[in-house]
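The values are calculated or read from the model by the stated rules, or taken from the named source; none is laboratory data. Since the structure is predicted, the reported quantities are computational estimates derived from the model, not experimental observations. Every residue, glycine among them, receives a Cβ derived from its backbone with ideal geometry; neighbour counts consider all protein chains shown. Areas reflect the complete protein model, heavy atoms only, side chains present, ligands, DNA and RNA absent. Shrake-Rupley method; radii C 1.70, N 1.55, O 1.52, S 1.80 Å.
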Amino acid sequence: MKNLIILLCLLFTISNAQKKIDEKIVFPGVVHKTIINSTDTLMINVLKVNLSQGNYYLSSVKAKNLLNERETTSDISKALSDSGYQVIAALNADFFEQDGEVINNMISEGKFVKAVKFTDSPFNTFVNSQFAITYDNKLLLEQFVFSGNVFFPDGTIEEIRRINSKADSNSITIYNSFQGNYTPVVPETWAVSEVLLIPAGQSGDTAFFTIGDSLKQSGHTQIPNDGFIISANNKYAYYLSREFEIGDTIKLLLKLNPNFTNIRSLTGGWPQLVKDGKSLIKSNLNIEGVIQRFSENRHPRTGVGFSKDSTTVYFITVDGRQQMSRGMSLLEFADLMIDEGIYQGLNLDGGGSTTMIINNKVVNSPSDNTGERAVGNCLVLIREEYR
């Protein structure tokens, strides 16, 4: 019996030596946990935030506040800090195109950065899962679908296909300052009508505007900082040019389904890994159109999730493609989330993008040989009382 106890103690000591866990309190209610597992060759960072303490809030921030820009997570965090915000942490977020455009819907401080009905991903035509937070710190994880309509002066209602990004044919698009200084250039064969909209009030998800300028029948229209451009092409272009006059009032209904009218920030990911405390990837390896090499191979991973009572949010990174850390499959990543207490969990862009910042310092080890990668957007944790 004595020998058995000695053996068990020895095994426990060896196990502890192979898995080193360190926890530090960053701020009240904010705990940074590092896990170094030499047996499985893993380096993991977990930031656990109790949103009920310290007046914290989350914000999704677009690189350089422009749809088609990229910037490192460190630089995004530093720019906010230089502007007077107390940035506690930052985490890279959505997948993005080479030019920095995020794949999914995005809302930043209540404003649409991008809104679409269908993802631009070649792997999944339907929208991917998205993480959102309301102004009263309610945490959400849904497959939000954009729904937009324009109400013309004569009572006609037409669909708005998207906010920002390049329009598709026979559609109506809304552009704001996140698009840049000008609306996109359109194919020469398209008929296009664009006009300035001046904000004139808001009621829930319905916004009122007045027509502020004469119609421009081409793309590349200048976008004001505080206004919008409505752009219609082909069959809708002729209708717009016939119906709109300077001074007219129109209504825009811009919302997401499921409909929450007070979303402060929203960012996409791919796919949702944990739902109601259970692993979704365990029952469906191809959930949301993920492919085998992405799902089953071990890669650096980034994720966000929250607790059952929706009071605690988690940032998680797993380093990979390095001798000191091999990365995880999505199945392993989902299990890690559940082990850490996540009830609803979303996979974010990983690979060379995987980056966690705490107090303006990179705490993980990004895998690119050139260092931290420039990304499309990130999630930041801000302490509001220091703003």
* How about the stretch 214-295: which strands (runs of 3 or more DSSP E) wholly inside it have at least 3 residues that are touching a Phe, Trp or Tyr at 6+ places or on another chain (Cβ under 8 Å) and surrounded by fewer than 17 Cβ atoms within 10 Å (Cβ to Cβ)? -> 249-257
* To do: Name every residue in the stretch 342-365 that is in a strand (DSSP E or B), within 18 Å of Val30 (Cβ to Cβ) and touching a strand residue (DSSP E or B) at 6+ places or on another chain (Cβ under 8 Å), in order of residue number.
  => Met356, Ile357, Ile358, Val362
* Asked: Within the stretch 318-341, is even one residue part of a strand (DSSP E or B), open to solvent by less than 10 Å² (accessible area, probe 1.4 Å), in contact (Cβ under 8 Å) with a residue 40 or more places away in the chain and in contact with a helix residue (DSSP H, G or I) (Cβ under 6 Å, 6 or more places away or on another chain)?
  -> no
* To do: Working carefully through the options Gln98, Gln53, find the one that is exposed (fewer than 15 other Cβ atoms within 10 Å of the Cβ), assigned to a loop (DSSP other than H, G, I, E, B) and modelled with pLDDT of 95 or more.
  => Gln98
* Asked: Does the stretch 110-153 hold any residues that are among the aromatic types (Phe, Trp, Tyr) and either under 30 Å from Glu243 (Cβ atoms) or open to solvent by 60 Å² or more (accessible area, probe 1.4 Å) (or both), and which are they?
  -> Phe112, Phe118, Phe123, Phe126, Tyr135, Phe146, Phe151, Phe152
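Would you check which residues across the stretch 111-155 are charged (D, E, K, R) and closer than 20 Å to Ile281 by Cα and list them?
Glu142
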* Asked: Of all the strands (runs of 3 or more DSSP E) wholly in the stretch 156-212, which have at least 2 residues that are closer than 17 Å to Ile107 by Cα and either over 21 Å from the mean Cα position of the chain (by Cα) or among the small types (Gly, Ala, Ser) (or both)?
  -> 206-211
* Within the bounds of the stretch 179-189, is there any residue that is in contact with a helix residue (DSSP H, G or I) (Cβ under 9 Å, 6 or more places away or on another chain), surrounded by fewer than 16 Cβ atoms within 10 Å (Cβ to Cβ) and under 18 Å from Lys235 (Cβ atoms)? -> no
